[in-house]
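These notes are about the structure you will find just below.
The values are calculated or read from the model by the stated rules, or taken from the named source; none is laboratory data. Since the structure is predicted, the reported quantities are computational estimates derived from the model, not experimental observations. Cβ coordinates were reconstructed from backbone atoms using ideal geometry, including for glycine residues, and neighbour counts include every protein chain displayed.
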């Protein structure tokens, strides 16, 4: 079977490639043929347009040449006429000035010599005597029987008017024709010389010169005029007709363009034969067929090479694929065996695990559990648990706020939307005993169904220990507070001794002096005010002490600066008695919390600082309290000059029952409780460190307690 599969993999792709190449080649041939037909049509159309454009341009080009040549030849004719007049003028001067002929002999000399030397040309030459209005020479008898005095040009000015403008071309009509002459008057104004010709003769001469130039197709046979009847109304147009081709002497269809040159009434035409189009079309078609043939041959060669290449590639690929399939098959068998073993292991773990395991369905039912769950809940077998919901084997309430029904709904939502999830649950055993359990869920897919695999661990004992620890914490807090109260009462006793002595002295002074009657109202008033001040001081001390010992843990908004000053006022006597200078620098920062607990933290740190300063050998005992807001955080520092805390114990000073005051019966819970109180605030933290610093030009070293917490 593997061998057949191997052959199938090799030959099916080759066959598919062969069929694909064949179909693509046939499709390309069909597309090329279609494209060739369209190209031939386009070529024929473009060739016709191109040839029409060519013959149109040729005809109009020839017409423009005629116009240019006409202007050129007219200019030449005028130059010849002017030159002829200049020659006649020169000869006339020669007759008068050099030969000194008499005027009566001029006419004879003109007839004899001028005819022989000057008038051997085809121009009409005329000489007038302006003085006597006499015609001296008219070689062609043009003015015979013409009244010379009334002869006028086309503008109406008489020609023999000696005051008219000469040395220019003039035209006049005579005997039904129009003539063009160049007229020039001699310097002595005796003679008027004209040389020219009729307009018709001049035009015929120009036509002869134009026709003598090397322009092809300059003459059209007369019989073609019958085709021009179609375009007489338009002046130009294309005509299709049959005509003999010069090269072959055979008649072929021809397309020509004819144009009427109105100046000469000439018809100009040129064209091309349609057999040239057929030849060009066949030539173009042949080139396309060769192109198609080359494309087909190329496609066949490429197809063969592609088949060879693909065959080789498929051979190597299939060999590799066959190896991969064999390896995959072996690995699959191994994986199946491994899965079988894992399944056995999982079943063993599931059944023998000391932790409880339940399988929870998406619709909220327990579909399986292990024996540990059965033992944990004190049932006889699984049947009492399977197909039940968690709420069915739990108390009605999980805690003061959540019922089992609501918490199970939350459990379903969270467990099936997270890969893993941890939470606590309270079960109720068959004997109505509450079991506090920690559950870790894992979302899985089993037989295309979403399930939750839940591991249940009994933490009832842990919960009992936590409750016990909480009670111990309360006891520690009370013990810490009692210790603080004891120290505070000692402080208050010291603080009250001085005011009470003052009051006692004032009473004795009043008693001893009263009998003498020497009391003035002013003295009595001063003594009364002094006693009231001492009593107010005692009253304020009692109020501060009462607030500090208030057992109610009410959260209020209080000022840090006020809390620091109240705490210091309770212990001020101890600091003054031992010459400890205290410097307080605080912003008015308000926080939400329990004020008397915060005061207890400050008092614990102040007492530790006082004891450390009393133990130190430093003569200047200084204590710095600083509170400020930095980046929306409260930063409270209490720094002394007692030399610092030993590096061996500084990391343990916040541990419970750790103390360095054995000789003075230290409890070791003051700083521990302080850290627990500060941690109740948002991001609250307390730390201790040693610091060297400069104050008033002197260097000191001491411990620094830093409290930080968020002000939000």
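The table below gives the values:
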| read-out | value |
| --- | --- |
| Qualifying residue in segment 332-353 (condition: in contact with a helix residue (DSSP H, G or I) (Cβ under 8 Å, 6 or more places away or on another chain), outside any loop (DSSP other than H, G, I, E, B) and at pLDDT 85 or above) | no |
| Unique match (being under 20 Å from residue 437 (Cα atoms) and out of contact with any helix residue (DSSP H, G or I) (no Cβ under 8 Å at 6 or more places or on another chain)) among 413, 366 | 413 |
| Leading residue by the ranking (modelled with the lowest pLDDT) among those in segment 638-667 that are on the phi > 0 side of the Ramachandran plot and surrounded by fewer than 17 Cβ atoms within 10 Å (Cβ to Cβ) | 665 |
| Residue list for segment 281-294, filter: in contact with a helix residue (DSSP H, G or I) (Cβ under 8 Å, 6 or more places away or on another chain) and surrounded by fewer than 15 Cβ atoms within 10 Å (Cβ to Cβ) | 289, 291 |
| Qualifying residue in segment 373-390 (condition: closer than 23 Å to residue 352 by Cβ, in contact (Cβ under 8 Å) with a residue 60 or more places away in the chain and in a helix (DSSP H, G or I)) | yes |
| Tally, over segment 440-460, of residues that are under 22 Å from residue 376 (Cα atoms) and either in contact (Cβ under 8 Å) with a residue 24 or more places away in the chain or not assigned by TED's automatic domain parsing to the domain that holds residue 368 (or both) | 10 |
| Sole exception among (1) outside any loop (DSSP other than H, G, I, E, B); (2) modelled with pLDDT under 80 for residue 163, by number | (1) |
| Total residues in segment 161-175, condition out of contact with any strand residue (DSSP E or B) (no Cβ under 6 Å at 6 or more places or on another chain) and closer than 14 Å to residue 130 by Cα | 5 |
| Residues being surrounded by 13 or more Cβ atoms within 10 Å (Cβ to Cβ) and part of a loop (DSSP other than H, G, I, E, B) - total across segment 419-434 | 1 |
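Here's the yes/no breakdown for (1) surrounded by 14 or more Cβ atoms within 10 Å (Cβ to Cβ); (2) in the same structural domain as residue 451 (by TED's automatic domain parsing); (3) over 26 Å from residue 414 (Cβ atoms):
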{"residue": "315", "(1), (2), (3)": "no, no, yes"}
{"residue": "338", "(1), (2), (3)": "no, no, yes"}
{"residue": "371", "(1), (2), (3)": "yes, yes, yes"}
{"residue": "382", "(1), (2), (3)": "yes, yes, no"}
{"residue": "387", "(1), (2), (3)": "no, yes, no"}
{"residue": "399", "(1), (2), (3)": "no, yes, no"}
